[in-house]
């Protein structure tokens, strides 16, 4: 899932689904003559084999600086791994290059407490700190000096004015790193005042009231002119740094913004109706901070294994599998692909299925809200059928499921923008698991669905094997089903009316292991 918060992340998981009378998997599958082939496909797509691809992606990251971000050798090696597997299975494979703006760093960022009990903080949104947009490069070591902090934080109506006035820096020692608190004035004013006082670096932390604790927005300095490295941290980090007088820190920020080339991998079956294409996709890139094994090695591995097993079948419809580049920079790969298609080529795509994070360690079984009854935003006509078919899969296994917002914030976005019916699965990212979700799905309430989201710890250890196995079977079920019949999906029918109130499903979890 994309890393730049200003470009959005998937919505909160809500609308629990619970059922009493389990349905059989035969719901979508038995309606056509390929039902037996679907069952064989699901049996062939084992979680064990899917995880082998994750081990391969982890090895690629290990050999390439711990990342598979687009525009780097780690992504290129991931591209080659996927393409090699697909070509070996007999697919017609296209490597589609495109240029994009790489916005990252040359050497890893550093924020480290170097006095007392030393501690190195984790870089990245939904982690400990980020560099403010427009912060210049810089490497700084020095004493951290608090500037007019309000700790504990006051009420939101009486916001902190830390660093907003030059007088806040009375007695500031030139060369120290200014520690300031969010509130009242812009980040730019705070940092400009710190520069005027002789600060060598700036650390601003979130204010601390409810809704102002995490790094949940994009801190900007609005243009050139800043001369010191400037970081933004969560309230927890800032409060910790402020706790001991004379704390010393080390900061390093080494940004790079340049045009690079990255790639989509598109694999197409040599059999099946080319005028009725069933398309599946997942983004192959990680963020720069880590190897991206759940986000989104998991979706890529699930789609890849389904494709490899489907190569042994004779689909009635043409199958197309996509592995997108530069999703983490704003859905760039999928957008490039869709915009490069002619209207006639788009019209041949019956549906698109997207899989972005399908093995979160503290998972829920999320299905994109294609009919809009949970979140009020429906997809193109047929998206409701896709959602229903995924629900039938989980119901047939007596498993709980939930709706997840269908807002175009993953690689299905460019497809729904041009009217292609879409759907998919999502097991959760930075959102905290609720008590209700823990009761239904298992796992731990009060921590993120993926505690290592967009972090260095998104490794092979950050994968829930059960979620990976179940969701891979779900991918196989719908891929196999639609390979033989897409039914009414893609037909010219009116889109379902979005309802403001969600009618809960009635599925009880058969197994709430997390």
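The values are calculated or read from the model by the stated rules, or taken from the named source; none is laboratory data. Nothing here was measured: the structure is a model prediction, and the numbers come from that model. With ideal geometry, Cβ positions are generated from the backbone for all residues, glycine too; neighbour counts draw on all protein chains shown.
Summary of values
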item	result
Candidates 97, 152, filtered to the one that is exposed (fewer than 15 other Cβ atoms within 10 Å of the Cβ) and touching a helix residue (DSSP H, G or I) at 6+ places or on another chain (Cβ under 9 Å)	152
Count of the range 157-174 residues which are touching a residue at least 12 places away in the same chain (Cβ under 8 Å) and loosely packed, with under 14 Cβ neighbours inside 10 Å	3
Lone qualifier among 145, 181 - being buried (at least 23 other Cβ atoms within 10 Å of the Cβ) and in contact (Cβ under 8 Å) with a residue 12 or more places away in the chain	181
Single condition residue 90 does not satisfy, out of (1) in the same structural domain as residue 281 (by TED's automatic domain parsing); (2) outside any loop (DSSP other than H, G, I, E, B); (3) surrounded by fewer than 20 Cβ atoms within 10 Å (Cβ to Cβ)	(2)
Unmet criterion (only one of (1) surrounded by fewer than 24 Cβ atoms within 10 Å (Cβ to Cβ); (2) assigned to a loop (DSSP other than H, G, I, E, B); (3) out of contact with any strand residue (DSSP E or B) (no Cβ under 9 Å at 6 or more places or on another chain)) for residue 309	(2)
Conditions (1) part of a loop (DSSP other than H, G, I, E, B); (2) assigned by TED's automatic domain parsing to the domain that holds residue 74; number of the one not met by residue 277	(1)
Residues satisfying the stated conditions in the range 331-368, i.e. in a loop (DSSP other than H, G, I, E, B), buried (at least 21 other Cβ atoms within 10 Å of the Cβ) and at negative phi	356, 358, 359, 360, 361, 362, 363, 364, 365
Condition broken by residue 407, with the remaining ones in (1) touching a residue at least 12 places away in the same chain (Cβ under 8 Å); (2) surrounded by fewer than 24 Cβ atoms within 10 Å (Cβ to Cβ); (3) not in a loop (DSSP other than H, G, I, E, B) satisfied	(3)
Qualifying helices (runs of 4 or more DSSP H) (wholly inside the range 1-85; at least 2 residues being touching a helix residue (DSSP H, G or I) at 6+ places or on another chain (Cβ under 6 Å), farther than 30 Å from residue 377 by Cα and at pLDDT 60 or above)	35-44, 47-62
Options 443, 480, 487, 514: the member that is at pLDDT 95 or above and assigned to a loop (DSSP other than H, G, I, E, B)	443
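A quick yes/no check of all residues on (1) in contact with a strand residue (DSSP E or B) (Cβ under 7 Å, 6 or more places away or on another chain); (2) without any contact (Cβ under 8 Å) to a residue 60 or more places away in the chain; (3) outside the structural domain of residue 145 (by TED's automatic domain parsing); (4) surrounded by fewer than 23 Cβ atoms within 10 Å (Cβ to Cβ):
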| position | (1), (2), (3), (4) |
| --- | --- |
| 193 | no, yes, no, no |
| 196 | no, yes, no, yes |
| 203 | yes, no, no, no |
| 209 | no, yes, no, yes |
| 218 | yes, no, no, yes |
| 226 | no, no, no, yes |
| 232 | yes, no, no, no |
| 242 | yes, no, no, yes |
